[in-house]
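Taking it in order: structure first as structure tokens, then the write-up.
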């Protein structure tokens with residue numbers, strides 16, 4: 001338990017060796033209902049929270065990551081900006097019940113409350129900044145492409161507007177067209193990263209997304225905007 005897990009295998013062993021963390025992961029797996037916010041997402045966020053915030057206590061960082069989407073609110077729901085607050089309230093009580101101190105629970109809850117994009121908050125703690133970086137990284141790259149398409153399908157969105165795929169003659173609408181979400185949010189994420197690790201990884205993943213959009217433009221016969 002003393003070594004900081006920095007790859008997936010080590011992370012899973014770290015969680016399995018800690019009854020509280022193992023319970024949180026089991027609860028998350030039992031509650032899965034959304035392919036874009038499943039246990040795989042939580043584990044990836046946990047791993048990158050550790051990588052982006054090496055100064056944060058590993059056990060608390062993993063716990064916060066496993067609980068950051070504990071109360072899932074769909075992207076198109078009016079209460080979406082409050083998702084972080086609701087997950088934070090759940091996390092505070094759950095962590096205390098699992099033996100974390102009140103101070104640890106409060107720190108994790110604050111990080112969870114402020115991590116989300118729709119809330120527009122900048123976390124004040126090292127843990128909060130690392131969690132926010134990690135969650136945003138999972139919206140980028142190859143996994144980010146799969147997640148945005150899965151989320152769009154769940155909301156009933158089309159892949160793109162057949163008449164104007166790059167929104168050159170209409171306002172962007174990412175609830176109606178999944179490709180629009182690349183431009184309303186995803187390609188803006190690298191500039192919001194706090195950590196050097198997060199900035200470098202976000203830049204790499206944004207290139208993957210740009211390459212995907214370029215290839216999509218080739219297939220549609222109309223290049224994307226730069």
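For the chain, what is the convex hull (Cα atoms) projected area averaged across all directions, in square nanometres? Don't skip to the answer; put the middle values down first.
Numbers: hull surface 48.5 nm².
Its Cα hull, projected and averaged over all orientations, spans 12.1 nm².
What number does the range 65-147 give for Rg over Rh if you use C-alpha atoms and the Kirkwood radius?
So for the range 65-147, dividing Rg by the Kirkwood Rh gives 0.98.
Among 8-14, 136-142, how do they line up from the highest to the lowest mean number of other beta-carbon atoms within 10 Å?
Details: 8-14: 15.1, 136-142: 21.7.
Listed from highest to lowest mean packing, they are 136-142, 8-14.
Where does each of 131, 186 land when they are ranked from fewest to most other beta-carbon atoms within 10 angstrom? Don't jump to the answer; show the numbers that get you there.
Values: 131 28, 186 22.
Listing 131, 186 from fewest to most nearby Cβ atoms yields 186, 131.
By average Cβ neighbour count within 10 Å, what is the ranking of 209-218, 54-63 from highest down?
54-63, 209-218
Hey, could you get me the Stokes-Einstein D for the range 141-220, Kirkwood radius over alpha-carbon pairs, 25 °C and 0.890 mPa s, rounded to whole µm² s⁻¹?
Values: Rh = 13.2 Å.
Translational D for this selection: 186 µm²/s.
How much mean residue ellipticity at 222 nm does the chain get from its helices, if each DSSP H run of length 4 or more adds -39500 (n - 2.57) and you divide by all residues, to the nearest 500 deg cm²/dmol? Don't skip to the end; give the middle numbers.
Working: 10 runs with 130 residues, N = 226.
When only DSSP H runs of four or more count, the value is -18000 deg cm²/dmol.
Any chance you could give the angle, 0 to 90 degrees and rounded to 10, that helix 126-137 forms with the longest Cα principal axis of the chain?
40
Every number here is computed from the coordinates shown, using simple stated rules; none is lab data. Note that the coordinates shown come from a computational prediction; the quantities given were computed from them, not determined experimentally. Using ideal geometry, Cβ is built from the backbone for each residue, glycine included, and neighbour counts are taken over all protein chains shown.
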